[in-house]
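Take a look at the structure set out below.
The values are calculated or read from the model by the stated rules, or taken from the named source; none is laboratory data. A quick note: this is a predicted structure, and the numbers were derived from the prediction, not measured. Backbone-built Cβ (ideal geometry, glycine too); neighbour counts: all protein chains shown. Surface accessibility is based on the protein's heavy atoms, side chains included, excluding ligands, DNA and RNA. Shrake-Rupley method; radii C 1.70, N 1.55, O 1.52, S 1.80 Å.
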Amino acid sequence: MPLLEIDDLRVAYGKVEAVQGISFAVEAGQVVTLIGTNGAGKTSTLRALSGLLKPSAGAVRFDGERIDGLRPHQVVALGLAHSPEGRRVFPALTIEENLLLGAYLRRDGDGIDKDVARAYDMFPVLGERRGQAAGTLSGGEQQMLAMGRALMSRPRMLLLDEPSMGLSPIMTKQIMRTVETLRADGMTILLVEQNARAALALADHGHVMESGRLVLSGPGGELLHDEEVRKAYLGED
Ligand code: ATP
């Protein structure tokens, strides 16, 4: 049984249907990526999975249990955490306070301290600035904080929304290495990326989203070498 199963998911903003019936599954331990141009509906998909948006139709199952229609804290409690686009950290709170908010459902103080230390190991710049207001971080640093905060709930699966946004090529490589490390530790990841090349290079499976629909799916390595994908998403002629 897949860890996450999405069946004919639809998301609408009033009359605008941003997600028009998509279906796919993520097996435990896999990295699956969703790529596509601006406005394709990738972020809306993630927000519907984590309970931030209510789907207009369809079913979402996490570990066999229906989660569509649940509240965000219920979804987190089941082990599915969302790392949103970086600008969604709490700007007036410090880095450390932002991280601790990610652990708001936990009561194991010692474990929380260990995980804060682990987040600083993973992203040393966050540790150096732990007392600084998150709003003063660069876009890329806020992206790291969003990821660190999501990990603080000790999830079984991570929804990552454009972790490389605003990052230099070197930092993008580092973030992708972090994603690989997480996978090696057994984490299951659904990765939304505009940087299709980097995402496909490490994903077990990829889906291309266009105007609310999945138009192409396959193993990451295969999509990376697909003629159409190369032209449309990798900027090659
Ligand atoms: P990007 O990479 O630019 O973030 P995306 O693939 O994540 O794009 P979404 O952010 O999910 O795409 O947007 C999908 C569509 O839904 C777009 O046409 C967008 O304008 C629309 N949309 C998103 N959020 C809202 C909202 N709150 N109200 C109305 N329309 C919205």
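Taking the numbered list (1) closer than 20 Å to Val179 by Cβ; (2) over 19 Å from the mean Cα position of the chain (by Cα); (3) of a type in the set (Val, Ile, Thr) in turn, Val89 passes all entries but (2).
Out of curiosity, is Gly69 within 16 Å of the ligand (Cβ to nearest atom), at pLDDT below 95 and part of a loop (DSSP other than H, G, I, E, B)? Answer is no for this residue.
If I filter segment 84-100 for residues that are assigned to a helix (DSSP H, G or I), β-branched (Val, Ile, Thr) and within 16 Å of the ligand (Cβ to nearest atom), do I get at least one hit?
No, because not a single residue in segment 84-100 is assigned to a helix (DSSP H, G or I), β-branched (Val, Ile, Thr) and within 16 Å of the ligand (Cβ to nearest atom).
With respect to Ala134, is the statement that it is in contact with a helix residue (DSSP H, G or I) (Cβ under 6 Å, 6 or more places away or on another chain), under 17 Å from His73 (Cα atoms) and among the aliphatic types (A, V, I, L, M) true?
In short, no.
A Cβ distance below 6 Å, combined with a sequence gap of six or more or placement on separate chains, defines the contacts here; from segment 39-65, residues that are farther than 17 Å from His82 by Cβ reach residues that are within 7 Å of the ligand (Cβ to nearest atom) and among the hydrophobic types (A, V, I, L, M, F, W, C) in the pairs Ala40/Met209. Scanning segment 101-131 for residues that are assigned to a helix (DSSP H, G or I) and among the hydroxyl-bearing types (Ser, Thr, Tyr) gives a single hit, Tyr120. Determine whether segment 45-66 contains at least one residue that is on the phi > 0 side of the Ramachandran plot, touching a helix residue (DSSP H, G or I) at 6+ places or on another chain (Cβ under 8 Å) and of a type in the set (Asp, Glu). Yes, the conditions are met somewhere in segment 45-66. If you go through segment 104-114 one residue at a time, do you hit one that is open to solvent by less than 10 Å² (accessible area, probe 1.4 Å) and more than 16 Å from the ligand (Cβ to nearest atom)? Within segment 104-114, not a single residue is open to solvent by less than 10 Å² (accessible area, probe 1.4 Å) and more than 16 Å from the ligand (Cβ to nearest atom).
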